[in-house]
Structure formats: C-alpha cells, structure tokens
C-alpha cells in the first residue's frame with residue numbers, strides 16, 4: 001500500500017477514515033466536512049459505517065431523482081400554462097376583431113344597396129363611383145383580416161351551413177339552388193359570422 005492508504009498499527013481503519021475514503025477528496029485549501037457536520041452518526045464498526053454511508057448515498061440519489069421529476073413536472077406545467085395563456089390571448093383578440101367586423105357589416109349592406117342604384121346623371125355616376133371605391137377599399141381591408149364573402153350567386157347549390165333561406169320553392173323535384181341573394185353573408189378565417197340571406201328554388205325550375 002502507498003503511504004496515503006496505510007492502515008493504523010492495529011490494521012483496522014477508524015469509522016472516520018472509512019467515511020473519508022467514501023467521500024470525494026476536498027480541493028486543496030478547503031476543509032473536508034466531518035460525518036458529524038454532515039449529520040451522520042457512524043457506528044464504530046467499519047463495515048456498518050460503510051453500509052450506512054452507502055444507504056445515505058442511495059437515499060440522497062433517490063431524493064435527487066424525485067426533486068428532478070418534480071422540477072420537470074413544474075416546467076411542463078408552466079409550458080402548458082404559457083401555451084394556454086397565449087392561445088387565450090389570441091382568441092380574445094380574434095373575438096374583439098370579430099365584434100368590430102360584425103359592427104361594420106351593416107355599412108357594407110348600405111354600400112351594396114347604394115351600388116344597386118342605377119345612376120341617371122353624371123353627378124350620380126360620379127357619386128356612385130366614389131361609393132364603389134369606398135366599398136372596394138373596405139373589402140380589401142377586411143380581407144386582410146380574413147373576411148370573405150360567402151358564395152351566393154344564382155344557381156349556387158343551397159348550403160344551410162352558409163345560406164339562410166327567406167323563401168323556398170313551391171314544388172319541384174330538383175336540387176335546391178340559390179335563386180337570388182337578398183343579403184350578403186361573410187366568413188371570418190373560415191368561420192361563418194353571418195349567413196347569406198337567399199331565395200331558394202330548384203335546379204328543375206331552370207330547366
């Protein structure tokens with residue numbers, strides 16, 4: 001054996017020496033903690049002292065594993081909370097945007113009605129051109145927010161998901177189709193915010 005591992009004269013290491021061999025060596029200039037300072041009361045028998053130290057080490061590792069699992073669970077819960085908060089914020093903004101857009105729909109209806117007027121004079125034609133320009137600018141602005149007009153041209157198949165019928169066919173055996181659009185419908189990011197009001201007929205009526 002080297003001089004660093006030499007045994008005492010009786011050949012049996014003390015419990016403190018046994019503990020020192022199991023604990024990591026301290027850096028130069030530092031003082032190694034004693035077993036008492038670590039809260040350990042080592043028995044006099046070396047084997048029992050070693051078993052106790054190994055048991056304490058195993059329990060410490062188990063505690064560390066449990067703490068790590070707790071930290072990982074907390075981190076996962078926080079990540080889920082952050083995602084849920086961000087999703088809620090996006091939904092709140094979208095709902096606020098939808099309320100503003102829905103408030104603008106009557107203005108679009110008024111512009112639609114104005115554009116249906118047949119101008120009779122040059123002044124009326126100039127005014128109507130300005131209405132069409134304003135209508136187009138408003139639609140372009142809403143389109144950038146995800147607003148789209150629902151298809152409701154005459155001959156379009158009637159779809160109760162996007163159409164609301166104000167009148168129906170008296171008879172006929174054909175498929176239901178749109179005969180006339182009464183009021184335009186709109187969707188926001190693929191979700192219907194107002195169905196189109198339409199008069200409904202059958203494709204057999206057109207034959």
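Going by a ≥ b ≥ c, the root eigenvalues of the Cα gyration tensor, does segment 63-207 fall in the rounded group (a/c under 1.5), the prolate group (a/b larger than b/c) or the oblate group? Don't skip to the end; give the middle numbers.
Details: a/c = 5.12, a/b = 1.90, b/c = 2.70.
It comes out oblate by the Cα gyration axes.
Which FRET efficiency, nearest 0.05, do residue 65 and residue 94 yield, Cβ-Cβ r, R0 45 Å? The partial results should precede the final answer.
On the way: r = 43 Å, r/R0 = 0.96.
About 0.55, to the nearest 0.05.
Where the centre of each part is set by its Cα atoms, how far does segment 143-186 sit from segment 59-100, in angstrom?
The two parts, judged by their Cα centres, are 44 Å apart.
Which value in nm describes the separation of the simple spin-label points at residue 182 and residue 129, placed 7 Å from the Cα toward the beta carbon?
Placing both labels 7 Å along Cα→Cβ, they lie 3.5 nm apart.
In vacuum, with every alpha carbon of segment 111-192 counted as one equal point scatterer, what does the Debye formula give for log10 I(q)/I(0) at q = 0.19, 0.23 Å⁻¹? Two decimals, please.
One equal scatterer on each Cα of segment 111-192 leads to -0.94, -1.09.
Cα atoms only, segment 150-207: Rg and Dmax in Å?
When restricted to Cα atoms, segment 150-207 yields Rg and Dmax of 11.3, 36 Å.
All of the numbers you see were taken from the coordinates with simple rules; none came from a lab. None of these values were measured; they are calculated from a predicted model. Every residue, glycine among them, receives a Cβ derived from its backbone with ideal geometry; neighbour counts consider all protein chains shown.
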